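Worksheet: one structure, shown below.
The values are calculated or read from the model by the stated rules, or taken from the named source; none is laboratory data. Worth saying up front: this structure is predicted, and the values here are computed from it rather than measured. Positions of Cβ are generated from backbone atoms using ideal geometry, with glycine treated the same way; all protein chains shown enter the neighbour counts.
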Amino acid sequence: MNRTTISVKPENQRWVSPGKGETRANVAETRKIGEFELRVLLTIVRLNGNAYAPTIQRELGVRTNKDVCLGAIYVTLDRLEKRGLIASYRGEPTKVRGGGPKRMVKLEPDGVRALKSYKELLSDVQQTLDEAHLCTAVA
């Protein structure tokens, strides 16, 4: 699987650009987000308040046309929550689950920033390809 990474700045830190009197060592610590994590974040947005591991698994499976392991979803959700990109909360108990609540997840402000950073990166990639006339050459 390809690994696309972007930088995510924690909410309580400011971006510092090297070249404005700062060195790379002064730049806020960044965290790398892989393609699968980005797909999970996007799926949480798509599910609009109904995001928990099994619904994320189903939606990802439909979108990617691949089998997605439920365990991979749980591990990824834990990792994203530790990074502050998502938060989990207990949903209402359901009869289907024997009265147990679902572990629902929602995007946090840092998660929104991560997706916006990725959008900016993709926009830059598209612009660069267009300027280099590579989109029409490859298609």
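Out of D124, D78, D130, D67, report the one residue that is of a type in the set (D, E, K, R) and either in contact (Cβ under 8 Å) with a residue 12 or more places away in the chain or closer than 15 Å to E37 by Cβ (or both).
Answer to the check: D78.
Exactly one of (1) at pLDDT 90 or above; (2) exposed (fewer than 13 other Cβ atoms within 10 Å of the Cβ) is unmet by G21. Its number?
(1)
Could you count how many residues in the stretch 65-88 are farther than 18 Å from R113 by Cα and either loosely packed, with under 12 Cβ neighbours inside 10 Å or of a type in the set (A, V, I, L, M) (or both)?
So the count comes out to 10.
Quick check: anything in the stretch 82-102 in contact with a helix residue (DSSP H, G or I) (Cβ under 6 Å, 6 or more places away or on another chain) and over 16 Å from T43 (Cβ atoms)?
Yes, the stretch 82-102 contains at least one residue that is in contact with a helix residue (DSSP H, G or I) (Cβ under 6 Å, 6 or more places away or on another chain) and over 16 Å from T43 (Cβ atoms).
What pairs come out if I take residues in the stretch 83-101 that are assigned to a strand (DSSP E or B) and pair them with residues that are surrounded by fewer than 10 Cβ atoms within 10 Å (Cβ to Cβ) whose C-beta lies under 7 Å away, six or more apart or interchain?
P93/G99; P101/E92
Is it fair to say G49 is closer than 25 Å to K116 by Cβ, more than 15 Å from the chain's Cα centre (by Cα) and small (G, A, S)?
So G49 passes the test.
Between a first residue in the stretch 31-44 that is free of Cβ contacts under 8 Å to residues at least 40 places away in the same chain and a second residue that is of a type in the set (V, I, T) and outside any strand (DSSP E or B), which pairs have beta carbons less than 8 Å apart while being 6 or more apart in sequence or on different chains?
K32/T5; K32/I6; G34/T4; G34/T5; E35/T4; R39/T64; T43/I56
Quick one: is R113 at pLDDT 90 or above and either surrounded by 11 or more Cβ atoms within 10 Å (Cβ to Cβ) or of a type in the set (S, T, N, Q) (or both)?
So R113 fits the description; yes.
Out of V75, V105, report the one residue that is closer than 11 Å to I44 by Cβ, at pLDDT 95 or above and of a type in the set (A, V, I, L, M).
V105
Scan the stretch 40-63 residue by residue and report those that are closer than 20 Å to R83 by Cα and assigned to a helix (DSSP H, G or I).
V40, L41, L42, T43, I44, V45, A53, I56
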